[in-house]
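FYI, it's all coordinate maths here, none of it is from the lab. Predicted, not measured: the structure shown is a model, and the values here were computed from it. Note: ideal-geometry Cβ built from the backbone for every residue, glycine included; neighbour counts use all protein chains shown.
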């Protein structure tokens with residue numbers, strides 16, 4: 001099977017449309033960022049970078065948001081935010097709620113906010129002040145210790161590690177099969193090795209709250225700003241490293257064009273983040289870096305071909321060579337981009353809440369990154385070439401690798 | 001098949017065997033799917049975001065250790081000057097690293113300088129600005145660096161001892177961050193870190209001190225008695241007031257205590273918790289002293305018992321108990337208070353593990369519940385496998401037999417990646433799964449690059465063998481360029497990034513290196529084998 005055979009598109013002739021499209025996307029995206037940050041005094045940063053407290057709670061049923069808000073207000077947390085999660089793939093997650101709390105400047109201990117939120121949850125939705133511990137938050141070692149003490153299987157001194165294994169099977173069933181919340185001890189009947197006496201022992205010793213803490217993050221102000229600086233630095237160094245490598249392998253203008261193109265991708269993706277109300281977290285930084293690598297990859301494939309064609313087609317004008325190079329690699333570009341797009345789309349749709357922002361960045365990034373290679377990077381090189389005259393950008397032949405290409409091309 | 005090709009396959013087979021061993025373990029090859037899963041789970045270390053647990057970043061207050069060194073120096077200097085009869089007007093700390101000595105008697109200025117130069121080598125001395133006979137001592141930068149280093153090492157050791165005593169599984173305790181004063185503590189499987197945090201943070205500085213005076217109900221009251229200045233060598237320390245109801249506190253009181261303790265936490269031989277005999281329902285902590293300290297303590301208590309002196313148990317600069325010494329006490333003592341069983345056990349643990357050289361502050365706390373980790377693994381793995389299958393089906397449809405070749409290369413790539421992570425003990429994190437997905441993408445790209453190039457050569461009229469040859473040759477450079485560029489950026493990410501970003505960089509670099517091997521070496525070998533079997537003029541299935 002073969003698509004895209006013998007395409008002949010004048011890409012450089014259309015460069016102005018690509019640039020216009022980029023400008024449009026940049027303006028729309030950054031207007032949105034301006035609106036969020038300057039007009040509404042908001043932030044694009046997630047908790048990793050701005051600091052604060054985030055508690056991710058799952059309820060057994062539809063989340064009782066009003067009750068929760070009332071409880072939080074009574075505890076003096078009126079400024080907390082409550083956000084529902086709608087994950088179409090994961091049925092249980094429609095009962096999930098994220099409680100956010102801005103960082104306080106007071107001298108309280110770091111986890112004061114989290115403790116207050118937990119207290120509210122326990123008071124409002126837990127077994128209240130009942131002395132029984134909550135089965136939905138017990139850890140395997142604690143459960144194992146408890147089972148060993150109660151010995152519902154009457155193993156006596158022969159117990160060995162059987163209770164440890166039973167405890168880990170019970171908690172695994174709770175976490176994997178019931179999404180972290182057991183609503184009735186009867187749900188544990190079918191776990192391997194569980195007898196009615198184990199179930200009755202558990203129901204005697206434990207209560208069942210109808211919520212479970214899925215995740216709790218607290219980031220102090222110092223860590224937030226440190227992570228922010230580190231993320232920016234890592235990205236800049238990575239870009240610098242690539243610029244140097246490409247400049248060594250090609251010419252500096254190719255390196256500059258490639259870096260400008262990927263920088264443009266990052267800016268546009270950030271704009272989309274603001275438009276679609278996603279927050280920038282550490283994982284998103286990983287995604288931005290992935291797309292930097294990906295877009296760079298795309299650009300290098302085209303530049304490699306330009307370099308090769310420059311030697312083969314000495315008489316053709318430079319823009320023509322670039323056009324041909326893009327057309328020759330178009331089939332590869334569309335295939336790879338299409339498959340990568342498919343991959344990240346699958347990730348976006350089924351990868352779960354935690355990977356959502358990451359895969360969103362990738363979905364946008366793959367599209368923008370692909371188009372920027374021929375729409376931005378190549379026109380920059382052509383424009384530079386036109387401005388500084390003729391076919392001046394001849395590639396230095398010299399390295400052994402380059403000679404191999406020449407040799408291969410002549411074969 | 002020629003000899004060279006044979007060796008290529010031997011090498012590939014060897015790599016494959018080593019990798020399969022890495023993934024599943026050979027001595028006990030798995031017999032069922034669940035066993036395979038188990039083996040895999042045992043071999044691949046999961047990050048906290050996938051297996052659940054607590055992640056804490058804490059900052060050591062290094063200035064405290066430096067300030068303490070300064071305090072000690074001032075005390076020592078005063079003692080030495082008194083012993084050598086050198087008169088000075090005033091000795092004062094300007095800040096944590098500077099001491100001002102004013103009005104040194106002109107007759108003993110030489111003796112003063114000799115003393116500082118010979119005994120206080122941690123300091124540099126200079127004439128103080130604006131003073132006629134004053135000196136300013138400055139702590140040497142090398143000494144400051146040394147104190148910082150030792151304090152960090154001691155803190156790490158102490159925290160490690162404490163956490164090990166808590167009996168948690170596979171904790172990670174390591175230096176972290178770029179600020180040189182941060183420590184990372186990871187506690188897998190701990191869903192609520194509150195108790196562990198208390199144990200880590202407890203200062204654990206125990207002192208048994210002579211009570212000079214008190215209790216007073218407020219600081220001003222105590223100072224008023226001494227005309228605003230406490231007697232030399234004493235300090236004012238807060239404590240809880242004893243109340244009629246046992247275990248209940250009723251406000252804060254202040255004691256005037258000797259600055260120098262008789263016994264410190266370092267003199268402890270053991271500490272444990274037991275039910276309180278005086279306050280039923282509560283617990284107390286009993287401790288035993290080392291032999292050397294017991295001798296000292298015995299002499300002290302005997303003297304004090306004779307004159308009705310009092311002694312205070314001070315923990316982290318707070319008086320827990322102040323009592324009249326009734327008789328000679330040899331080697332044991334106790335700390336009472338409204339302790340629950342757990343808090344008494346934790347305090348005993350902290351005392352056994354030793355004191356922190358400086359206090360700590362929490363900067364970051366992340367807790368991932370086990371159910372979220374389980375969900376993330378399931379969804380991440382499902383997404384990876386799902387997209388792999390889609391991509392592979394497409395490759396086979398689009399490139400036919402050559403597509404099968406690419407599929408083999410991709411699977412081998414994944415096997416090498418997983419095996420290497422198992423061997424190197426690399427930790428798989430959620431962004432790491434993303435790195436795996438990007439690796440798949442790059443693997444597909446390399447194969448597509450090669451195949452498209454071969455097709456081009458075929459279109460230009462070449463027969464199968466030279467077309468494959470040229471295709472690989474030309475694509476080789478492009479593949480190297482794209483991979484090196486990405487590896488370069490991944491290395492920077494690893495060097496300058498934090499936790500999750502690093503996990504991503506590690507999987508990416510390993511994946512890319514494996515990818516160069518599979519998409520160039522392995523794929524080429526399979527092509528060569530195929531070509532050696534078929535007729536020279538036959539069509540290539542691509």
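Seen against the Cα atoms of chain B and their longest principal axis, helix B:141-166 is set at about 80 degrees.
Computed from the C-beta positions of residue B:229 and residue A:43, the FRET efficiency with R₀ = 45 Å rounds to 0.30. Rounded to the nearest 10 degrees, the angle from helix B:33-43 to the longest Cα principal axis of chain B is 50 degrees.
Would you calculate a helix-derived [θ] at 222 nm for chain A, using -39,500 (n - 2.57) for each DSSP H run of n ≥ 4 and dividing by the full residue count, to the nearest 500?
On the way: 14 runs with 235 residues, N = 411.
Rounded to the nearest 500, the figure is -19000 deg cm²/dmol.
Figure legend: label point modelled 7 angstrom from the Cα of residue B:480 along Cα→Cβ; residues of region A:235-265 with amide N under 13 Å from it are A:249-250. Here chain A yields Rg over Rh of 1.13, to two decimals, using C-alpha coordinates and the Kirkwood radius. Annotation: the antiparallel percentage among DSSP beta bridges lying fully within the protein assembly as shown is about 95. The simple spin-label model puts a point 7 Å past each Cα toward its Cβ; for residue B:361 and residue B:423 those points are separated by 4.5 nm. Can you give me the angle between helix A:221-249 and the longest principal axis of chain A, using Cα atoms only, in degrees from 0 to 90, rounded to the nearest 10? Approximately 30 degrees, to the nearest 10. Once the Cα-Cα distance is subtracted from the 0.36 nm per residue extended length, the residue A:123 to residue A:102 segment shows a gain of 5.3 nm.
If you take the beta carbon distance between residue B:266 and residue B:180 as r and set R0 to 25 Å, what does 1/(1 + (r/R0)^6) give as a FRET efficiency, to the nearest 0.05? Before the final figure, lay out the partial values.
Numbers: r = 26 Å, r/R0 = 1.04.
That pair, residue B:266 with residue B:180, gives E of 0.45.
Other protein chain C-beta atoms within 10 Å of residue C-beta, averaged over A:299-309: 4. Taking 0.36 nm per residue of separation and subtracting the Cα-Cα distance, full extension of the segment from residue B:277 to residue B:13 would add 87.8 nm. Within the listed set A:151, A:161, A:205, the residue fluctuating most in the Gaussian network model of chain A (springs between alpha-carbon atoms under 10 angstrom) is A:161. In the calculated pair-distance distribution of the protein assembly as shown, the portion above 42 angstrom amounts to 51 percent of the Cα-Cα pairs.
For an R0 of 22 angstrom, estimate the FRET efficiency from the Cβ-Cβ distance between residue B:408 and residue B:21 and round to the nearest 0.05. Can you show the working numbers first?
Numbers: r = 19 Å, r/R0 = 0.88.
Efficiency for this residue pair is about 0.70.
Inter-label distance, residue A:79 to residue B:156: 3.8 nm, where each label sits 7 Å from its Cα along the C-beta direction. As a proxy for reagent exposure, A:384, B:123, B:7 were ordered by neighbouring Cβ count within 10 angstrom, fewest first; the result is B:7, A:384, B:123.
How much of the DSSP beta bridge set in chain B is antiparallel, as a percent to the nearest 5? Numbers along the way, then the final one.
Numbers: 70 of 73 bridges.
Of the beta bridges lying entirely in chain B, close to 95 percent run antiparallel.
Between rounded, prolate and oblate, where does region B:407-466 land on the alpha carbon gyration tensor, with a ≥ b ≥ c its root eigenvalues, rounded for a/c under 1.5, else prolate if a/b exceeds b/c? Prolate.
Among the residues of B:419-429, the average count of other protein chain beta-carbon atoms within 10 Å of the residue beta-carbon is 0. Taken over the alpha carbons of region B:370-484 as equal point scatterers, the Debye sum produces base-10 log I(q)/I(0) values at 0.10, 0.22, 0.24 Å⁻¹ of -0.38, -1.25, -1.37.
Need one number: % antiparallel among DSSP beta bridges in region B:202-366, to the nearest 5. Present the calculation step by step, with values, prior to reporting the outcome.
Values: 36 of 37 bridges.
If I count the DSSP bridges inside region B:202-366, around 95 percent turn out antiparallel.
In this simple spin-label approximation, residue A:192 and residue A:311 carry label points 7 Å from Cα along the Cα→Cβ vector, and these lie 6.1 nm apart. Our estimate of slack between residue B:94 and residue B:328, defined as 0.36 nm per intervening residue step minus the Cα-Cα distance, is 80.0 nm. Kirkwood analysis of chain B, using all unique Cα-Cα pairs, places the hydrodynamic radius at 29.6 Å.
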